[in-house]
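The values are calculated or read from the model by the stated rules, or taken from the named source; none is laboratory data. Please read all numbers here as calculations on a predicted model, not as lab measurements. Note: ideal-geometry Cβ built from the backbone for every residue, glycine included; neighbour counts use all protein chains shown. Ligands, DNA and RNA are excluded from the accessible area calculation, which covers all protein heavy atoms including side chains. Shrake-Rupley method; radii C 1.70, N 1.55, O 1.52, S 1.80 Å.
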Amino acid sequence: MATDQALHGLDNLELSDVTRGESRAARLARKAWAATWPKLLAIVLVLAVWQLFYLSNFRGDTADHLLQSPAEVLPNLWQQLEHGLLLQAIGTSMERAVDGYGLSLVFGIVIGALVSRIPPLRAATGSIITGLQTMPSIAWFPLAIILFGGSTEAILFVIVLGSAPSIANAMIAGVDYTPPMLLRAGKVMGLRGLALYRYLILPSSLPTFVAGMKQAWAFAWRSLMAGELIVQIPGVASLGVLLNSDQDQLDFASTISVMIVILIIGIVVDGLFTKADLAIRNRRGLLDPALT
Amino acid sequence: MSVSDTGAVRLTDHRTQGATPPATQPGASALSDEKSPPAVRLTDVSKAYRTGRGELLALDCVSLSVGTGEFVCIIGASGCGKSTLLNLVAGLDRPTSGTVETGGRRVGLMFQEPALFPWLTAARNIELALRARGVPRQARRDLTRELLLTVRLGGFGDKRPHELSGGMRQRVAMARALALDADVLLMDEPFGALDAMTRDLLHDELERICAERTLTVLFVTHNVREAVRLGDRVVVLSSRPGKVIAEYPVPRHGPRRIDSAEVAQLAATLTDRLREEMGRHGH
C-alpha cells in the first residue's frame, strides 16, 4: 500500500544518521584525549604553582624543611603507600565512608518517601530538612561525643546528619518535578498508588535523585574527615589519625601526601557519580548530541 | 449562513432551531440513531473551575452522544473547553453538573505531546500499559509486538522515545492507547505538533486502525480540514463557555483526502461558522 511505503520511507529519512568518515577507534581515541588533557594540564598547573611557592621561600623556612617541593613530597607519598600504614588508613576511612553513606541512603530515602507522600509531615519538616543541610557538620560533634563517646558510631552519626538531608531533599524534589503530562498519561493507563510510584514517579525522579546522591557524597566525605580529626580511636589508623600525627611532627611532606590521597578519593568518587548522571541523561535524550 | 448547494452536506445550526427544523437532532448523529446505542453520552454537562477571581465556566450544558464506531471531531476556537470535555469523558475530572456515561467502556486518551516515558523503550512503554491492565507477561510480549506492527513500527521497539521522530513517537503513543484495549479513543489534538506531510500519512493510518478495531473516537482539533477529513460528524463548540453550537455530518463516498474538493468545501463552511463565533468575542 502506498501509505505504508511512504510512512516507512519517512521514518527512515528521519532516523538516518549523518556519519562522518571516522573509524570507531579514532573516535574513541579523540574522545579519550579530549577528556584527559584538561586534567593533565590542571595537575601541571598545580605542581607549577607549588614549585614557585617553594622557590619564593617567602617565610625563609625552606632550610628547616617546613616547606618542601613536589620533588620531595611525591616520593614520600610513594613511600607511605609502600609502607602499608597509609593503605590501612585508607581502608578504615573508606569503610566508614561506605557505612555512613549507606546509612544516609537508607534514612534519606525513608524520610524523603514519607515526607513527599504525607502533606502534613511535609509542612512540618520541609524547612527542617533544608535547615539541617546548612548546619556545619563539625558543629554536631560535641553532641555526637556526648551521645556515643569517642567511637566510630559518633563519626557515623555525624555523617548521616550531614548527608541524609541531601538524599531526602533530592527524593522530595524528584517526586515534585514529575512532569504533569506523564502523570496524566499514567493515570489514563490506570497506574495508581504504589504502581504509580514504582513505574512512573520513581523512575522519573532518578536524575534528580542521582544529583542528590552526588551532593550527599560530598557532605559525607567532608563530615568523615572532620570526624576523624576530632574523634581518634586508639590503635585504629585512619586518614584523620595520620593527618593529626603528621601535624604534631610538623611533617610537611607526609601531611601533603595524605591530603593528596583525600583529594584523589573525593575526585574519583565524584567522577563515578558524574558518569552515572551522564549515562542516565543520555538514555533519556536529555543531552545535546552535538555536545557529547 | 450558506448551506452547501451540493445537498450532500446536511447541516444543523442550533441558532436556527426555532425557525427551521434541524436536519439532525443535536447530540445524536444519523449513525447513532439508526445503527447502535451511543458509546459515549453527555447530558447537560457543565464544568466550572474555581479561579482567583471567582468561577470560570468552561463548559455550559453540553449534550453530545457518540455512536459506537463513530468518529466525531470537535472543533472550536481557544477557550471552548475541548480539553476539559475529554478529561470528563476519560474520567480524569468530574462535571459540576450533568452526567457523562461511557457504559463501562475502556477509554484511552492521547495528547498533543506523546507523553511517553523517556526511560523506557518504545516497546516497554506499550508493555507498561498492558501491565497496568494486568495482562500476564507472555501475552504482554506478543501483544506489544502486534501493537508495534499495527502502528507500523515493527523494527523500532528497542528505540527510546528521544531516538524517534515526532510522528513515530505519536504512533507509539497511539499503540500505548490501543494497549489499554480501549473501545473509546479520545484524542486531544494528537497531530497538532506534526508537519503536514506526516500528519496526512497518520490520518490514513488512524482511519485504517479505527476501521480494523471498530473504535469510537472523539477527536479534538483546531484544524478544520483535519476535522472534515477524519470525522463522520463535526461538532462546533462556542468559546467561553463551551457550548455545542452546530453539528455537521460529513458524507462519506469512499476514501477521503484532505485536499479533495468535498473536504475543502465543507471546511470553508465550518471556517465561516467558527469565524462568526470568534467575532462575538471581538469587542
Can you name every residue in the stretch B:215-230 that is closer than 18 Å to B:Asp272 by Cα, buried (at least 24 other Cβ atoms within 10 Å of the Cβ) and among the hydrophobic types (A, V, I, L, M, F, W, C)?
B:Ala227, B:Val228
What's the number of the condition A:Thr134 fails, among (1) open to solvent by 60 Å² or more (accessible area, probe 1.4 Å); (2) touching a residue at least 24 places away in the same chain (Cβ under 8 Å); (3) within 20 Å of the chain's Cα centre (by Cα)?
(2)
Count of residues meeting criterion [open to solvent by 10 Å² or more (accessible area, probe 1.4 Å) and away from every other protein chain (no Cβ under 12 Å)] in the stretch B:158-177
1
Within the stretch A:129-165, track down each residue that is out of contact with any Phe, Trp or Tyr (no Cβ under 6 Å at 6 or more places or on another chain) and hydroxyl-bearing (Ser, Thr, Tyr).
A:Thr130, A:Thr134, A:Ser137, A:Ser151, A:Thr152
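Could you identify the single residue in A:Phe219, A:Phe209 that is in a helix (DSSP H, G or I), buried (at least 16 other Cβ atoms within 10 Å of the Cβ), in contact with a Gly (Cβ under 9 Å, 6 or more places away or on another chain) and within 14 Å of chain B (Cβ to nearest Cβ)? It would help to see each step written out before you state the result.
Values: A:Phe219 fails: within 14 Å of chain B (Cβ to nearest Cβ).
After ruling out the rest, the residue left standing is A:Phe209.
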First in the stretch B:191-219 and under 16 Å from B:Gly167 (Cα atoms) and within 10 Å of another protein chain (Cβ to nearest Cβ), second anywhere and open to solvent by 10 Å² or more (accessible area, probe 1.4 Å) and among the aliphatic types (A, V, I, L, M), Cβ under 8 Å, 6 or more apart
B:Met197/A:Leu10; B:Thr198/A:Leu10; B:Asp200/B:Ile258; B:Leu201/A:Ala6; B:Leu201/A:Leu10; B:Leu202/B:Leu194; B:His203/B:Ile258
A:Asp277 being open to solvent by 30 Å² or more (accessible area, probe 1.4 Å), in contact with a helix residue (DSSP H, G or I) (Cβ under 6 Å, 6 or more places away or on another chain) and not in a loop (DSSP other than H, G, I, E, B)
yes
Just checking, how many residues over the stretch A:158-199 are among the hydrophobic types (A, V, I, L, M, F, W, C) and either more than 26 Å from the chain's Cα centre (by Cα) or open to solvent by 50 Å² or more (accessible area, probe 1.4 Å) (or both)?
10
Segments classed as strands (runs of 3 or more DSSP E), wholly inside the stretch B:56-154, with at least 3 members that are more than 14 Å from the chain's Cα centre (by Cα) and surrounded by fewer than 19 Cβ atoms within 10 Å (Cβ to Cβ):
B:97-101
